[in-house]
1. Any idea what angle helix D:376-386 forms with the longest principal axis of chain D, computed on alpha-carbon atoms, 0 to 90 degrees, nearest 10?
2. Given 0.36 nm per residue, what is the gain on full extension from B:Arg100 to B:Met284 after removing their alpha carbon distance, in nm?
3. Taking a label point 7 Å from Cα toward Cβ, how far is A:Lys120 from its twins in the other copies, in nm, shortest first?
4. For segment A:252-329, what Kirkwood radius comes out of the mean inverse Cα-Cα distance, in Å?
5. Once ligands and nucleic acids are excluded and a 1.4 Å probe is used, how much of C:Asp179 is accessible, expressed in Å² to the nearest 10?
6. Can you give the charge dipole size of segment A:281-349 about its Cα centre, rounded to the nearest 20 debye, using +1 on the beta carbon of Lys and Arg and -1 on the beta carbon of Asp and Glu?
7. Can you give me the C-alpha center-to-center distance between segment B:31-92 and segment A:309-373, rounded to a whole angstrom?
8. Report the accessible area of B:Met284, computed with a 1.4 Å probe over the heavy atoms of all protein chains in place, in Å² rounded to the nearest 10.
4 protein chains.
Amino acid sequence: MAGRNFLFVPGPTNVPDRILRAMSVASEDHRSPDFPALTRACLDGLKPIFKTVTGYPLLFPSSGTGCWEAALTNCLDPGAKVLIARFGQFSHLWADMCRRLGFEVELIETAWGEGAPVDKYLAALESDRSHSIKAVLVCQNETATGVRSDVAAIRRAMDSVKHPALLMVDSVSALASVDFRMDEWGVDVCISGSQKGLMLPAGLGITCISRRAFETAKHTSSRRCYFDYGEMIQANTAGYFPYTPSLQMMCALRESLAMLAEEGLENVFRRHSYLAGGARAAVMQGWKLKLCAVAPQWYSDTVTAVMVPDGINAAAVINRAYTRYNLSLGAGLSKVAGKLFRIGHVGDLNELMLLGAIAGSEMAMMDLGVNIEPGSGVAAAQTYWRKP
Amino acid sequence: MAGRNFLFVPGPTNVPDRILRAMSVASEDHRSPDFPALTRACLDGLKPIFKTVTGYPLLFPSSGTGCWEAALTNCLDPGAKVLIARFGQFSHLWADMCRRLGFEVELIETAWGEGAPVDKYLAALESDRSHSIKAVLVCQNETATGVRSDVAAIRRAMDSVKHPALLMVDSVSALASVDFRMDEWGVDVCISGSQKGLMLPAGLGITCISRRAFETAKHTSSRRCYFDYGEMIQANTAGYFPYTPSLQMMCALRESLAMLAEEGLENVFRRHSYLAGGARAAVMQGWKLKLCAVAPQWYSDTVTAVMVPDGINAAAVINRAYTRYNLSLGAGLSKVAGKLFRIGHVGDLNELMLLGAIAGSEMAMMDLGVNIEPGSGVAAAQTYWRKP
Amino acid sequence: MAGRNFLFVPGPTNVPDRILRAMSVASEDHRSPDFPALTRACLDGLKPIFKTVTGYPLLFPSSGTGCWEAALTNCLDPGAKVLIARFGQFSHLWADMCRRLGFEVELIETAWGEGAPVDKYLAALESDRSHSIKAVLVCQNETATGVRSDVAAIRRAMDSVKHPALLMVDSVSALASVDFRMDEWGVDVCISGSQKGLMLPAGLGITCISRRAFETAKHTSSRRCYFDYGEMIQANTAGYFPYTPSLQMMCALRESLAMLAEEGLENVFRRHSYLAGGARAAVMQGWKLKLCAVAPQWYSDTVTAVMVPDGINAAAVINRAYTRYNLSLGAGLSKVAGKLFRIGHVGDLNELMLLGAIAGSEMAMMDLGVNIEPGSGVAAAQTYWRKP
Amino acid sequence: MAGRNFLFVPGPTNVPDRILRAMSVASEDHRSPDFPALTRACLDGLKPIFKTVTGYPLLFPSSGTGCWEAALTNCLDPGAKVLIARFGQFSHLWADMCRRLGFEVELIETAWGEGAPVDKYLAALESDRSHSIKAVLVCQNETATGVRSDVAAIRRAMDSVKHPALLMVDSVSALASVDFRMDEWGVDVCISGSQKGLMLPAGLGITCISRRAFETAKHTSSRRCYFDYGEMIQANTAGYFPYTPSLQMMCALRESLAMLAEEGLENVFRRHSYLAGGARAAVMQGWKLKLCAVAPQWYSDTVTAVMVPDGINAAAVINRAYTRYNLSLGAGLSKVAGKLFRIGHVGDLNELMLLGAIAGSEMAMMDLGVNIEPGSGVAAAQTYWRKP
């Protein structure tokens, strides 16, 4: 098909040409005396992204899923209990992994469309007098439903009852796009990946652990080797890795960090918020449709999940968008399959790219018989963005 | 600025990633036994683009301007007379070059907004009983005003009075986007460049000459060396070049030709026509503005020149689009400076890309005080494209 | 430093420009209807590389180390016993991983410089009447010492005593460079990585499992999730992955497979053998030095480990080669640190590249006071390669 | 063929990956407000390369041949007389171009293997009392024979007889590799190209003119348009070009200039001299063969032309090197066809790359029956480079 694909799944996101170029480099000896400079550029450069001074950013050749596993197997003894809310496919998968790895899961079932329920977390923690819960897990941005959670509030809940559990946060589709504060929020493990706000190809698990998590990991007895924090940190300290790292991905990451620094991280957050506002205006003011997120407090600034009207199959909209307009939208997963489509607006993006996606979504919906006004979403987004 | 630039000047056009990749190759010996295969892939591959069986496609390291000069200095004796209509900046520049190179110019002044006036060409040719006119020059697509000319009709005019002049056509912003027929239309020199419909970077002058032009060039006495057809064709015949060619650009061209063949040249034309229809719908039905092209017969399928309302400076619209929305539009040149802006829709393009540009033009115009309805251009183009 | 780095560590190897280009692509939706074609091209394309018809090639976003772990945690119950010979740093690390993951290791200590001792494997298997050994682990090519092992002979040993253990082979620095036969040799798990014979950047764990290994994995109780075979195979069957795969690495792999097919896999093996012969001639006939591999039966065709004379620090040679001649050589690891340097000759390589490395090794050694004749290694390799 | 091609023709030279990456960029509007920054980076950045403060570096989309033509048609009136020595294929071609463009050529025939004969230039200038010679043309580095000329001495000869002719220098295969001093030597036009010392693909004619040449060009009547200095300088002054420039090549040039600045131009010269010394040692001390250059004063530091023994066809050596060893050598041209082959050592190069080429030349020569000692050239170059 002629022209560019409009990639609006909420990850993998658009890799800026500049990053593709940075990645297109000859391999080098990963044990050379020059290599540690690259290692340090990546790891030190990630600290402001995680907003940590004392934590350890780590890079695993893996997906974000691998970093979920690393968090659990490093920080928990076999069979330990975790507390987690489930309100979408990704929080579901994380909870499911806990079970498969043999941990006990205290699950807070939450409506899809809402974020992490702080009151229920509080209640669970409060009633856990014996501190049998060893880790509190939160999904900062549930990619499947386009909702965000208030991690700081979870931390406040933990503190309010002086619960000593570790706080683990999935920030895969939030980090480097919306605010995340490792140190201030007292996060012990933050899990992310390369292919969202960091604008890289998939393949690099990017995680950050607190000193407390690091110390904890020294004494846990869950089996792990590939994802072992201690071995990784020991090698990193010298500027190296326990196994061959991907120079190309590290060069890409260094470039990504440079781009984020040039734009300014807070500006990046503002841009995501500004663009998300336009996307939501298109859906609600323009198309008169509903979001999956049921209230403004849950609105995600990286992904907008759009409920299609009854009688319309969202999967058909997505298919039409892809095959006819070269527009890639995210599907509804599991419980919400067929009921919604998702517009990712995360990473390297501007107004006109998003307007292209909005216009394409309009056309695909109209083609499928959704009753919307041509150009209505575009007009609403334009108006939102042109407000003084 | 975050996200991609929306490049909607009518050239240089978007270079598909696939072509950028094809171009990103190590240099090679241009005298190796393997090199002729590349030369032939390029030159033979250009024949269907020019729709010629008997002509000679040629590649000069130059811009299209260089190929204008090549046409004149190869095919004309010093001081020879040419006939040319002027109806925009590029036909003006070509005529001006003729004068600077010492040729006599019979100029048909034509309103900017119209294409080549066949009747006036005919009149001039008819009255040239002595056949002092040695070349008839036509601009197939005047990039500055967004008008097309009917080259076949010019040929018919020449034939109707049996005028023996050579027919030279500037197809810089038409070739490989709208139909061009070297052999059928009896064109002797077609001049084009790499950076429009062929989707390459600038830097390759791409021209095609008929056998008659080749024969003529053997006997003319205008001084030329770098642009000498004879020397080029002699070297090309063996698969080589008289001076070092750009392997990288030739690899890019080979890939471009492959892409055009895969889509199908007639499909490429249809796509340009279809996209142009949407652009014009946006301007006229959506924004209620006028084109520079004064009648449908002149409408260009590769560039749409939009007249801004009185009191609005088109240059300010362009500047706003660029600095605020990362959208590159073409300026009005010379006579029409400040009065129009141009949307190029040539090369590697699809609906959503163009909708992004239309939406961005809307926003820039509204920001400058033009009274248009938000989303109106987008809606008109959508409606045009969704018609059964 | 001007000019190219001569990368002669035994991995990561040179990534051909063609593969770098293939990798330099925009991200795409990994759940699109077009994606399975890429998945299948990769997985089906790997089958002839593994020489398997019935096995399952798998791609994990990981290093080869991750695939070691996958083999163990999928195919073994907790605490199960494995049999493995240690004769270099990498066989050591794999054995060490077994222990760390809680498996019982029956270790066959072997001199560094020899490959897997078939007789000792046989003895151990023979005496294991109760079949308490659940997996036999072999390193086909010990990268640290430049020795190869005879995997087929290990299989014959197993069969001779009808031992039912699974056969797991580390072919990280052998696959796609020297012969490997999954089905014929009855290998149950073959472990490899992207950054050696497959000529890709690091970051993709490439493994292949037999149907028996797959069936076994369904019933084992070791904890794993990220590296779970069953989930991966289930997703692969539909053309997808359980988590976001790296499109870029998959495109690179597809290109690598195309290159190997174009050259012909048996030709690739012959080229590695031919080049290795020249490297060994340089060391032994030219420089009059010794290999780490103590006998021809152990000579590796992908890496040559060169013993430096007493009194010379091999690390200083490596450092000189790198800092003065832009040549990256492999270091001696662990037991052989300082005693040897390694010339990798694996992947995308030809005579002149290797001659550059040989010449550079000569200069570095001479600079450090090693008594060798200038050009002697080069001459020996030239003579080897020019033999009729 | 596996592995990299060893490109040792004296142009096009190896394009560093870094430059290929810089070139691999999306097209942009060449009339945008951001464009002049790139123009200025290129033009200002070229000034130290030409060692000029007052001159005008210019970029023409062309080969160096185009810049020869530009020099003549801009600075000379029709039929004007030029003085030029011919001692190789490229000085021959330039002289030939002068004739084809209608200029009168006073030709100093010089043996191939020597450089510009200063005494003969002096004699010709001295006897030209009427100052009918309007331009003195010198080839600083004759690429066909591997000889250099002393441009400063030519200037001194001109000054000694107070001859007012313009001094035009072809520095195509010298600029940015060996010293050139526009202002100090009083050069009026320096002609070069992108594909040699500047390490770019072919396609950019790079020239520099003095203020005097610029002033002269305002009053000459030779016909030119594409290559007109005045129009180019006028557009450049505002940061633009008279026709669409190649953004990609300009980005590549900007990167090349950065690389040269990082290494330090004088270091670049030293490196070329050092590498050339090794190449000559290989030929003379190692292989016991002769150079085409007949005396040290003529030795070129960018290309070494090697005379093959009687009875050997140099073209067969070149063909063998290419087809068997993936090594590209330069051929003998015209008078010296079959008698010599050329090793280019210009641009992005280091010892090991050149040793690979030397070793490959040895093998090709031995294969063709030339009686040389294996490794002898390599050893001689190694010894030369290892001298304290």
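The values are calculated or read from the model by the stated rules, or taken from the named source; none is laboratory data. All figures in this text were calculated on a predicted structure; none of them were measured in a lab. For neighbour counting, all protein chains shown are included, and Cβ atoms are generated from backbone atoms with ideal geometry for every residue, glycine included. Accessible surface areas use protein heavy atoms only, side chains included; no ligands, DNA or RNA. Shrake-Rupley method; radii C 1.70, N 1.55, O 1.52, S 1.80 Å.
1. Approximately 60 degrees, to the nearest 10.
2. Values: separation 184, 0.36 × 184 = 66.24 nm, distance 3.98 nm.
Fully extending the segment from B:Arg100 to B:Met284 adds 62.3 nm.
3. Those label-point separations list as 5.8, 7.7, 9.5 nm.
4. 14.7 Å
5. Rounded to the nearest 10, that gives 40 Å².
6. I would put it at about 240 debye.
7. Comparing the Cα centres of segment B:31-92 and segment A:309-373, I get a distance of 46 Å.
8. Rounded to the nearest 10, the figure is 60 Å².
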